[in-house]
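In what follows, a structure is listed as C-alpha cells, so that the remarks can point back to it.
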Amino acid sequence: MHTAAGVEACLPIRSDMDLVWVRQHVRQAAARLGFGLVEQTKLVTAASELARNTLVHGGGGQMEATHLSSGGAQGLRLAFTDEGPGIADLDQALSDGYTSGDGLGMGLSGARRLVHDFDIESTPGDGTTVRVTCWVAQPPRPREEA
Amino acid sequence: MPEHEADGQLATPTHEVRDFLHRRREQIAQRWADEPLFRTVFTVSRDEAVEASKVVVDALAQVADSEQVEDPDAAGFSGVREQLARMGAARSRAGLSNTQVASELAALRPPVENLLASDLEDAPPEHLRACSTALTVLMGTLRLVAMQTALSEWQALSDRQRLQLMEVATPVIRLWDGVVAVPLIGTLDSARSQVVMETLLNAVVDQHARFAILDITGVPTVDSLVAQHLMKTVAAARLMGAQCIVSGIRPAIAQTIVHLGLDLDVITRASLADALGYALHELGTDIVNPGAGQR
C-alpha cells in the first residue's frame, strides 16, 4: 500500500494558458521526483491530453498533483476533475480513434498507455474524474492490481 | 467651516488628518525622503525625494478632504498613480518582490503616525484614537492603490509579451533551392499553429519549394493535438506540391508518440541535417566531399 506524501498542488484548468502551466508544473514535479527524460515526457504528454479533455469536453476543471511514496519508490498521481456532461459510454470513449469532437480520438486511450495506472470515473450529468499514476522506474516497480 | 475648531467643537477625524497633513507637509516629506522607498528611487538629490514625497502627502490630504479615505478610486489618488507605478517598477527592477515593496510602503506609516500623536498630545484620547485610525485607513488605501497600479502594469506587460510570442512564432528559412525549413519552438496551440501553416504555405509558393522541413526540436510536448496540427500542415503543403519532412524528433518524443498510438503519416528524420540530406538527395543534388573524392 502506498502512502500519499501530500497534495503538491491544485491547478485550475480554465483556458489554453492553464494547459501550458499544467504541462510545466508536471514536468518540474516529475523532474524533482527523479523521473527519467522518457518517463517525464510521457507523463507530461498524458497530462496535456487529459487537461485538454477537461477543458474542451468538461468545460474546465482542475488538476491535483499528489506525490506518492511506496516502499522506496516515488510516484506522482495526477487527478483531473471536471463537472461537465460526463461520459455515457466509457468503453467507447477509451477506444482508439473514437472522438466526440474533431480531434484524432487518441487522447484518452493514448494517455492510458502512457502511464502506469489509469482510473476513470464518470457520471453522466455530474462530471468526470481521471486519475493517472506514474512511478519512477526502479525495480521492482509496484503496481496496483485492479 | 466645520473643519476648524470652533467653540471647543472638534473637527471630524478625517478633516483633522487633512489639516495635519497640510500643516506637517514639510516634516512628513523630510522623513519619507529618508525611507528606502523614496531614497532608493529618487537618487538624483535628496530634494527630488522630498518633492516626490510632498506630491504623495498632497494627494493624501486631498483624499482626506473628500472624506473618501477607504476608497482606492478616490479622485485624489489619480494624480499620484503614475508616480507610484514608477516607484513600484523601480523597486521591482531592483529585485524586490511585491511583498517587499508592500512592506516598504507600510514603513511610510509609522513616521506620520508619530507626528500625529505628538501634534494631538493635548486632544482627548478618544479623538486621538479616531484620528490615528483615520490616518491608518488612509495609509492602507494608499498601499492598496500602489499595489493595484503595480498589478495593472503587470497585466499590460503580460499582454504585450503574449503578442510578442505570437510574432516570434516562425521564420521560414530557405536552406537550398527548393528546400525551406521552419524551426518550430514552444507550444503549438491552435493560434500559433495557424500562423505556422500560413507562413509555411506562403513560403512554399514564394520559393517554389518542393521540400518543406518542419523541425520540432524546440517543441517540448507532442500530444495528439500538436500531431493533428502538424498533419494538417503537411497535408496542405502536399496539396500545393511540396513534400514535408518532420525533423528533430528526440528519443523521448518518439517513444511517447508510439505509446500514444499516433500514426505520423509523413517522412520523418531525427535531425534537421538528415532531413536536408534526404531532400537534396531527392532533388538529385548530392553533397560530395572534394577531399575524399581525390583520394
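None of the figures in this text is laboratory data; all of them are computed from the coordinates on show. Predicted, not measured: the structure shown is a model, and the values here were computed from it. Glycine also receives a Cβ, built like all others from the backbone with ideal geometry; neighbour counts cover every protein chain displayed.
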Subject >> Candidate set: the range B:121-158, residues that are surrounded by 16 or more Cβ atoms within 10 Å (Cβ to Cβ) and farther than 20 Å from B:Glu67 by Cβ; chosen: the one farthest from the chain's Cα centre (by Cα) >> reply: B:Ala146
**OP:** Can you work out which of the residues in the range B:205-249 that are more than 16 Å from B:Ile267 (Cβ to Cβ) and in contact with a strand residue (DSSP E or B) (Cβ under 6 Å, 6 or more places away or on another chain) is nearest to the other protein chains (Cβ to nearest Cβ)?
**Re:** B:Val219
Original post:
When you go through A:Glu8, A:Glu39 one by one, which is the residue that is under 14 Å from A:Leu114 (Cβ atoms) and not basic (Lys, Arg)?
Top reply: A:Glu39
Subject >> Those residues of the range B:192-212 which are touching a residue at least 40 places away in the same chain (Cβ under 8 Å) and surrounded by 19 or more Cβ atoms within 10 Å (Cβ to Cβ), in sequence order >> reply: B:Ser193, B:Phe211
Original post:
Can you pull out the residues in the range A:81-114 that are more than 14 Å from chain B (Cβ to nearest Cβ) and either under 13 Å from the mean Cα position of the chain (by Cα) or closer than 14 Å to B:Leu260 by Cβ (or both)?
Top reply: A:Thr81, A:Asp82
Original post:
Within the range A:4-46, how many residues turn out to be aliphatic (A, V, I, L, M) and within 9 Å of chain B (Cβ to nearest Cβ)?
Top reply: 7
Subject >> Residue selected from the range B:213-233 under the condition assigned to a helix (DSSP H, G or I) and of a type in the set (A, V, I, L, M), by the criterion surrounded by the fewest Cβ atoms within 10 Å (Cβ to Cβ) >> reply: B:Met231
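Limited to the range A:38-53, what total is found for residues that are charged (D, E, K, R), touching a residue at least 60 places away in the same chain (Cβ under 8 Å) and under 16 Å from A:Pro12 (Cα atoms)?
1
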Subject >> Residue within the range A:53-69 that is surrounded by 19 or more Cβ atoms within 10 Å (Cβ to Cβ) and charged (D, E, K, R) present >> reply: no
Original post:
Can you tell me which residues in the range B:234-268 are under 32 Å from the mean Cα position of the chain (by Cα) and either surrounded by fewer than 17 Cβ atoms within 10 Å (Cβ to Cβ) or in a helix (DSSP H, G or I) (or both)?
Top reply: B:Ile253
